[in-house]
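Single-structure report; data block below.
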Amino acid sequence: MSPRTSEQFNEMRESAQHKIMDTALDLFANVGYYPTSISQIAKKAGISKGLMYNYFESKESLLREIVFRGVDSFTESFDPNRDGILTKDELILFIRESFKLVRKHRDYWKLYFSLMMQSSVLEVFADDFELRVEQLMSMLTNYFREQNNGNPEVEMRFFIVTLEGIAMNFVMDPAGFPLDKMEQRLIELYS
């Protein structure tokens, strides 16, 4: 058997890291952040507790990685050409992509909403979180200003809380909540 290449080691490391994050996400979302221990995550992921610390220095750093992986995937479709100017087509794309993410990653959003209600946990990532969404909020405000909206900051906040409220309701009742109709209604509202 030939020795592994550095590329193979990197793939193995990345695979293990994703497995740990996916396992922790499942446990944090369904059991809770505080009740979940590093030992439980390691056991469910099928690795040793010591190996966990090769990837993440603490439970807090693991949580930060999970939160920011989700935030980054959420904001990735926002201003896709990265010119700093949001167009109507880009806003509609952002709405569509946001709904796809909510459908695909329900556990992430379940965790996200539960964390937003726990100020002591929120402190683990609040500083960087605010920086990451600040640009999104600023571009949305500018977009609504360009649309001659009477109060662009209020409209920006309305848009965000509407999107979050729809996602939260879907997370709580995925079988009964009319997500497709809500997506279409939001697109109609902003088209």
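If you sort Lys19, Lys88 by accessible surface, 1.4 Å probe, largest first, the order is Lys19, Lys88. The trypsin sites (Lys or Arg not before Pro) found in segment 98-191 include none that occupy coil by DSSP while having at most 12 further C-beta atoms within 10 Å. Hey, how much of the P(r) for segment 1-60 falls beyond 15 Å, as a percent of Cα pairs? Everything past 15 Å amounts to 51 percent.
Projected over every direction and averaged, the convex hull enclosing the alpha-carbon atoms of segment 123-191 yields 5.8 nm². Once C-alpha pairs closer than 8 Å and six or more residues apart are averaged by separation and normalised to the residue number of the chain, the relative contact order reads 20 percent.
Candidates Asn30, Ala167, Tyr55 compared by Cα position along the dipole of the chain: farthest toward the positive end lies Asn30, with charges placed on Cβ. Estimated at 0.36 nm per residue, the fully extended path between Phe177 and Glu76 surpasses their Cα-Cα distance by 33.8 nm. Sorting Arg13, Arg69 on solvent-accessible area from highest to lowest, probe radius 1.4 Å, gives Arg13, Arg69. Each Lys and Arg Cβ is given +1 and each Asp and Glu Cβ -1; about its Cα centre, the chain then shows a dipole of about 780 debye. Only Cα pairs under 8 Å and 6+ residues apart enter the sum, and on that basis the relative contact order of segment 1-101 stands at 18 percent.
Select from segment 1-85 those GluC sites (Glu not before Pro) which occupy a DSSP coil region and have at most 13 other Cβ atoms within 10 Å, ordered by residue number. For GluC sites (Glu not before Pro) across segment 1-85 that sit outside H, G, I, E and B with at most 13 neighbouring Cβ atoms in 10 Å, the list reads Glu57, Glu76.
The values are calculated or read from the model by the stated rules, or taken from the named source; none is laboratory data. It should be emphasised that the depicted structure is a prediction, and the values quoted were computed from it without experimental measurement. Methodologically, a virtual Cβ is constructed for each residue, glycine included, from the backbone with ideal geometry; neighbour enumeration extends over all protein chains shown. Each accessible area value is taken on the protein alone, full model and side chains, heavy atoms only, with ligands, DNA and RNA left out. Shrake-Rupley method; radii C 1.70, N 1.55, O 1.52, S 1.80 Å.
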